Amino acid sequence: MNLLRKSKLILLGLFLLASFSFAVPVEITTWAELAAINDALSGDYILVNDLSSATTGYDTYASSSANGGAGWTPLGEPIIGTFPGSPFTGTFDGDGFSINDLYIKQLDGRSFGLFSWGMVRLAI
């Protein structure tokens with residue numbers, strides 16, 4: 001193989017490596033970390049343990065007394081009237097763990113969950 005061909009192959013390989021994102025997902029271990037996803041809705045996240053009423057931060061973020069009685073604030077802002085909202089566009093990998101005891105009060109008859117809306121790609 002001549003030197004020019006080798007150089008082209010090396011450059012092609014470097015281009016391909018630079019074209020792909022090898023982002024390490026942010027590990028979620030507490031309710032506070034889960035709630036903080038709202039600050040970076042396009043990030044990559046992985047749950048590394050179960051979350052429940054026994055997990056640190058439950059009363060603050062996910063119980064019936066959290067957020068003035070509204071409970072959990074869903075990830076991503078919903079579309080309300082003409083307000084376009086901010087969808088979750090990242091990735092969330094449950095990695096076989098579970099999220100339990102989540103309290104969500106319905107707003108104006110609309111249903112919400114862990115995510116309010118978005119292009120959610122879940123790997124559970």
Subject >> Interchain or long-range residues, amide H under 5 Å from Ser86's placed H >> reply: Glu77
**OP:** Mind listing the long-range amide H neighbours of Phe115? Cut-off is under 5 Å, sequence gap 5 or more, other chains count too, H placed in the peptide plane at 1.01 Å from N.
**Re:** Leu75
Original post:
Long-range amide H contacts for Ile104: which residues qualify at under 5 Å (H placed 1.01 Å from N, peptide plane, sequence gap of 5 or more or a different chain)?
Top reply: Trp72
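Coordinate-derived values only; no laboratory data. Computed from a predicted structure; not experimentally measured.
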